[in-house]
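The values are calculated or read from the model by the stated rules, or taken from the named source; none is laboratory data. Note that the structure is predicted; figures quoted are calculated from it, not measured. Note that each Cβ is placed from the backbone with ideal geometry, even for glycine, and that neighbours are counted across all protein chains shown.
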Amino acid sequence: MAIRNLLQEGMAIGKQNLLVFVPVLASSIVIWLLMLITVGGAGLFMVGGAQTPEAVAGGVATAFGGMALVAVIGAILTMLAHGMTVVMVGNALDGAQVDLKKAWNKTLERIVPLVLASVIVGVLFGIGMMLIVLPGLVVAFFLMFTFVAVMLDEKNVFESISKSVRVVKSRLGDCVIFFLLLVALGFVFGVVNMILQLIPVLGQVLGMVVSAVYTGYVSILLVMAYREFQAPAVEDEPAA
């Protein structure tokens, strides 16, 4: 696997199909607005109301309740956005038209296995991260193609998990390099996002754009790698 070619082809696909970045960006904007409405509204209630212990406690409870609600809604929106992105990337690689409506309809058709995959992979990853981090990374490594299998191969959750593990094991060396690439990209984009957050308001907006670009680009790379790794490994020809 040529990492440089993969990165360049992924960038080319992203530039030619800018719609693949829309679902994540839209979900980020909605979550941000909901956070402003719920948590921000609770803050105004605490400041504007009488500063009694009951008022403060009510404001705190409202803020935590709002955050919990936004977290649930955010998880659902993020899941749907990721499903749509994978579908659109698959269409782009197949030479088909990238369409938001078709991607939305396909994601709704696959909502049950998508939800189950999100829950199972999330729980396994969470447990792994609590066990001194490394097991969580192992889970993320072997299950990184699960959602791609759910959306593009239309497999159920357990078949998708099994397929992801088989693909990784069949091209273990290439998958290690690819996974490290994803980690490196995540680190770079994370640093950029942290820097942007230092800028009031505008930094948050730019951060959402950066996150959308990162998530869309990673989805492109995942779909490309998933398809490539299912082909038999080809040994490099010796130099003449």
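Values as computed for the structure displayed
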quantity: The stretch 212-240, subset among the polar types (S, T, N, Q) and surrounded by 20 or more Cβ atoms within 10 Å (Cβ to Cβ), residue modelled with the lowest pLDDT; calculated: T215
quantity: Counted residues, the stretch 166-181 - those being buried (at least 16 other Cβ atoms within 10 Å of the Cβ) and either touching a residue at least 40 places away in the same chain (Cβ under 8 Å) or over 16 Å from the mean Cα position of the chain (by Cα) (or both); calculated: 7
quantity: Residue under evaluation L6, criteria (1) closer than 30 Å to D174 by Cβ; (2) surrounded by fewer than 13 Cβ atoms within 10 Å (Cβ to Cβ); (3) modelled with pLDDT under 90, criterion not met; calculated: (2)
quantity: Pairs with Cβ under 8 Å, 6+ apart, first in the stretch 73-87 and within 17 Å of M224 (Cβ to Cβ) and modelled with pLDDT of 90 or more, second of a type in the set (S, T, Y) and part of a helix (DSSP H, G or I); calculated: H82/T215; H82/S219; T85/T215; T85/S219; V86/S219; V87/T107
quantity: V98 vs. criteria crowded, with 17+ Cβ neighbours inside 10 Å, touching a residue at least 12 places away in the same chain (Cβ under 8 Å) and not in a helix (DSSP H, G or I); calculated: yes
quantity: Among residues of the stretch 3-24, those that are touching a residue at least 40 places away in the same chain (Cβ under 8 Å) and of a type in the set (K, R), counted; calculated: 0
quantity: Counted residues, the stretch 127-184 - those being assigned to a helix (DSSP H, G or I) and within 29 Å of L108 (Cβ to Cβ); calculated: 23
quantity: Which numbered condition G136 misses (of (1) surrounded by 14 or more Cβ atoms within 10 Å (Cβ to Cβ); (2) among the small types (G, A, S); (3) at pLDDT below 90; (4) under 18 Å from V223 (Cα atoms)); calculated: (4)
quantity: Subset of the stretch 195-205 that is in a helix (DSSP H, G or I) and at pLDDT below 90 - its residue that is surrounded by the fewest Cβ atoms within 10 Å (Cβ to Cβ); calculated: L202
quantity: Residue that is nearest to V89 (Cα to Cα), among those in the stretch 139-165 that are surrounded by 19 or more Cβ atoms within 10 Å (Cβ to Cβ) and among the small types (G, A, S); calculated: A149
